[in-house]
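Take a look at the structure below.
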Amino acid sequence: MTGAAIRLERASMAEPVVAPLEREGDLRVLAATFEEAAAGRGGIALVSGEAGIGKTTFVDHFLATRGRRARVLKGNCDALFTPSPLGPLHDIARQTRGRLLAQLEGEAPRGAIFSTMLDLLSDGAQASLLVIEDMHWADEATLDLIKFLGRRIAQAKVLVILTYRDDEIDAHNHLRMVLGELATARGAVRIELARLTIQAVRTLIGDRAFDAGVLHRQTSGNPFFVTEVLADARRGIPKSVRAAVLARVARLGTDGRRLMEAAAVVGSRMDQAMLERILGGKLEGLAECIKLGLLEAPGHAIAFRHELVRDAVLSDLDPGRCRELNRSALEGLRATRSGRGDLAQLAHFAEQAGERAALLEFGPAAARAAACVGAHRAAAAQYRRVLALAGDLAPSERAKIVEAYAEQCAIVDELPEASRARREAIELWRQAGDRLKEGENLSALAWPLVRSGHNAAAEEASQRAIEILESMPPTRELAGAYRMQAHLRMLEREREAAVRWGGKAIDLARRFDDDATIAAAEMVVGSAILVAGDEGGLPHLNRSIALARKAGLDDLVGLVYLNMGSSYGEQYQFPKAEAVLAEGIAYAGVCDLDHARHYMRAWLALTRFYQGRWGEAGDIAGPLAECCNVAAISRIMALVAVGRVRARSGAPGANAALDEALDLALQTDTLQRLAPVRAARAEAAWLEGDRGRVLAEAAAVYELAKSHQHPWHSGELAFWLWRAGSTDAAPSWGAPPFLRQIEGNWRCAAEAWAALGCPYEQARALADGDEPARLAALEIFDQLGATPAAARLRQKMRSDGLRHIPRGPRASTRQNPFGLTRREMDILNCLGDGLSNRRIATQLHVSPKTIDHHVSSVLAKLGAATRGEAARIAGEHRLLTKDGEAAAAK
């Protein structure tokens, strides 16, 4: 079993002895990853485990044995309610000094700070080890830094080691998505530290008078808990880690307890001078705390031996004493602050001390500093804590804070809260009598509403904004409101109205030299034209990109790519969609535009789906569909991709995904969302043999599609109505491939689908043809893993009296409930072991490219969106055995 380097303490609690117990395998994995990095193939090691499992000790042991060959940079994330933006980077800057520290203490833009950090890691011939601990407390800017580095170190001599508590990931969706992205990168390894076995506990006990079985059972093999108990054998085995720590704290004298309480309030690590200020003099009791193994004193700093020690002390602190200590900490830090890096801590101390004036001073400043470096979640949290104590401010003063809070919430996709805050700001500006700001915020309200799928409410807000702003002399705010109305019309696929409103926005914005609004309006006009199938929209989109790049509007450039790619996809021009989306996703990755990147990835998944690359589609769409902190519009399209892959492959979970997609799409009440969902649900019903449900799903949105004269949506819905037995004539302007098949011209339909690069649709058309065509369809279905369609076709061929029907996959595959071959079962077992494609290729002695194809096939047949989901499905169906042999393929 794997394990971590366990830190044992002598009875005197003096210098620790480090003994690696049950961590040899994990250390070998980390060492191999470092060797790859030292050779110029940068990597990332994700070290996870519960609190007290020994992550820090494991990493420290590795650094002690391997770190001498590299430059080591180490930082920690803060355990504050609202962490300091880029806290680990501040730790590293204090180690290195120079340009990075100057940028962090100044007003340098985030891009410059990130680039400096990358230069610092990549500078020189020596390898670099970057260690960031406690990522479960990471602020958004730190997560963005990790993404930034992760995308750029592939050819550098850099190993990034991240530690985090895996039992806290579910509460941090953003962290889960970042870790998921990093885990799939080349050169990434996961190291999940396990609890100690009873044999390890027996080794730690040595000759002490403990029953190993009892100690292992009551501590569950948690290394920190075990060592806490063994450190004070006289007290028996406490019921919890907290009890074990507090038992040791109880042995402190008065000075030691005062110091522990003050240190717990300040944080996991602190400067000695800071602690002296809070305590009003020398650090009496520090030596006693160190001797008992509660604190450590590296250099001029003081640190808790483990965060669990600090947690226990804080939980036992009297509320009044806590406020008093926070007040002292606030005054101490106020007197010694050196830059904007201290603002988050000042706001934290002010809040905990109940110091309203100080919170109003430092909270907004901390929020602005956080937003400046891209820590938008931290910025929103800072504004939120300020607003809780700002109820009696004048309407205009509170409105400024609420407005800024709404903007930060919208950026991080906290859309319901962004909408609520915008409404509050609108009411406050109304009370203040500022009609211009009221109209501006009404227009801004439409954006989070439409992204949440509340299109009708967005329309109402937009119309009210225009009404208010048109009652005053022309302003740039009115131009912005016109642009928003144009955007809403484009989303409704109302080309003429979108072009008209966009033109008004451009004309008015030019009077104020408002390039940002001009660029946004050009994007909307171009998108409205392109999504209607007219490439005359491209000049507008190109002008938008040129203006946006010149003005440094990265988010707008991302939106242009988003609209171009999804427009091509909606028109079934998948090669063009793929090219634009790939370029846009790369751009969004470089600029960390997650909102645009999520939506483009959802559409890339749909593109892969139509191209017959179902495994890739599931890999891309699965994480987006599973994460509730992604905008509704992105999740709808991702859920459609997941649902359709599962339906066509016959895997479980198709209806669940499409039910969720429908719930979200119904909120929008728009063709753009409803048509893809209803068409997917109609197909799923057809594959299940439920004609009545096919008819109901297609009919639900067919009239809306026809009213917009959308050829592709109308064509597909007409196709499913025809399949279900409807005699209604399809519109003559519908998409030709669908119309040709409805007309009975299966050959022409198949040729059209082949030209579009849609193999499943091609086979579906061929299945309506003669015997050679049906045989060709069967071959395509079998290659794709389209089990339901292949089964239906074979049944129809048999009922028509045809002979010599290919039996499909061989017997061993048919015996498998998902139609997996023996080789695919080998692959599935490797996925269950958490192996990367590269490691699977090595283990099975084949090329990584071959493994890529096999993995895609396995995911498609299981209907799994991710590798983890494939392993879960395999476990549920008992497809795997402990010895690694494929149960169903024996």
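The values are calculated or read from the model by the stated rules, or taken from the named source; none is laboratory data. Note that the structure is a prediction, hence the values are computed from the model and not measured. So basically every Cβ, Gly included, is an ideal-geometry build from the backbone, and we count neighbours across all protein chains shown. To get the accessible areas, we keep the full protein, side chains included, count just its heavy atoms, and leave off ligands, DNA and RNA. Shrake-Rupley method; radii C 1.70, N 1.55, O 1.52, S 1.80 Å.
Quick notes on this one:
- Surface composition of region 246-319: carbon plus sulfur atoms contribute 50% of the solvent-accessible area (1.4 Å probe, protein chains only, all chains present).
- Residue range of the chain that is longest and free of chymotrypsin sites (Phe, Trp or Tyr not before Pro) which are both DSSP loop and sparsely packed (at most 16 other C-beta within 10 Å): 82-511
- A cut-off under 11 angstrom between Cβ atoms defines the neighbours of Val645, and their net charge, with Lys, Arg +1 and Asp, Glu -1, is +4.
- Local charge for Ser732 was computed over the other residues whose Cβ lies under 14 Å away, with Lys and Arg +1 and Asp and Glu -1, and equals 0.
- Taking the accessible area of region 55-168, probe 1.4 Å, and keeping the other protein chains in place, the carbon and sulfur fraction comes to 49%.
- Cα-centre dipole for region 730-810 with unit charges at Cβ (Lys and Arg positive, Asp and Glu negative), debye to 20: 380
- What a 1.4 Å probe finds exposed on region 663-785 is 49% carbon and sulfur by accessible area, rounded to a whole percent.
- Spin-label model distance (nm) - Arg208 vs Arg476, 7 Å beyond Cα toward Cβ: 6.8
- Solvent-accessible heavy-atom area per residue, rounded to whole Å², over the chain at 1.4 Å: 40
- For region 659-733: rounded, prolate or oblate by the Cα gyration tensor [a/c cutoff 1.5]: oblate
- Projecting the Cα atoms of Gly391, Leu541, Ala680 onto the charge dipole of the chain, computed from C-beta unit charges around the Cα centre, puts Ala680 farthest toward the positive end.
- Acute angle (nearest 10 degrees) that the helix 87-96 long axis makes with the longest principal axis of the chain, alpha-carbon atoms: 60
- Cα gyration tensor category, rounded, prolate or oblate, for region 52-168 with a/c compared to 1.5: oblate
- Residues of type lysines that Lys504 reaches as a straight line, Cα spacing below 26 Å, ignoring anything fewer than 8 places off in the same chain: Lys437, Lys550
- Spin-label model distance (nm) - Arg872 vs Cys322, 7 Å beyond Cα toward Cβ: 3.5
- In this structure, Ser726 and Lys576 have a Cβ-Cβ separation that, at R0 = 30 Å, corresponds to a calculated FRET efficiency of about 0.40.
- In this label model, Ala39 and Glu535 are separated by 4.6 nm, measuring between points 7 Å along each Cα→Cβ vector.
- Dipole magnitude of region 213-278 about its Cα centre (Cβ charges: Lys, Arg +1; Asp, Glu -1), debye to nearest 20: 280
- The phi-based Karplus calculation (6.51 cos²θ - 1.76 cosθ + 1.60; θ = phi - 60°) puts the 3J(HN,Hα) values of region 297-304 at 9, x, x, 9, 9, 10, 9, 6 Hz, whole numbers, x for Gly and Pro.
- Prolate/oblate/rounded call for the chain, Cα gyration tensor, a/c under 1.5 rounded: oblate
- A cut-off of 5 Å between modelled amide H atoms, ignoring neighbours fewer than 5 places along the same chain, links Ile191 with Leu46, Val47, Ser48.
- By the rule of a C-alpha distance below 13 Å, with chain neighbours fewer than 8 residues away ignored, the aspartates and glutamates paired with Lys74 are Asp60, Asp91, Glu133, Asp134.
- Applied to region 675-687, the Karplus parametrisation 6.51 cos²θ - 1.76 cosθ + 1.60 on θ = phi - 60° returns per-residue 3J(HN,Hα) values of 4, x, 5, 5, 5, 5, 5, 5, 5, 4, 5, 4, 5 Hz, with x for Gly and Pro.
- Extension reserve of the Trp733-Ala183 stretch, reckoned as 0.36 nm per residue once the Cα distance is removed: 193.4 nm
- Per-pair calculated FRET efficiency, R0 = 51 Å: Arg510 and Leu802 via Cβ, rounded to 0.05: 0.15
- Pairs from Lys55/Lys239; Lys239/Lys291; Lys157/Lys576 whose Cα-Cα separation, in the structure shown, is over 31 Å: Lys157/Lys576
- Proximal charge balance of His454 [Cβ under 11 Å; K/R count +1, D/E count -1]: -2
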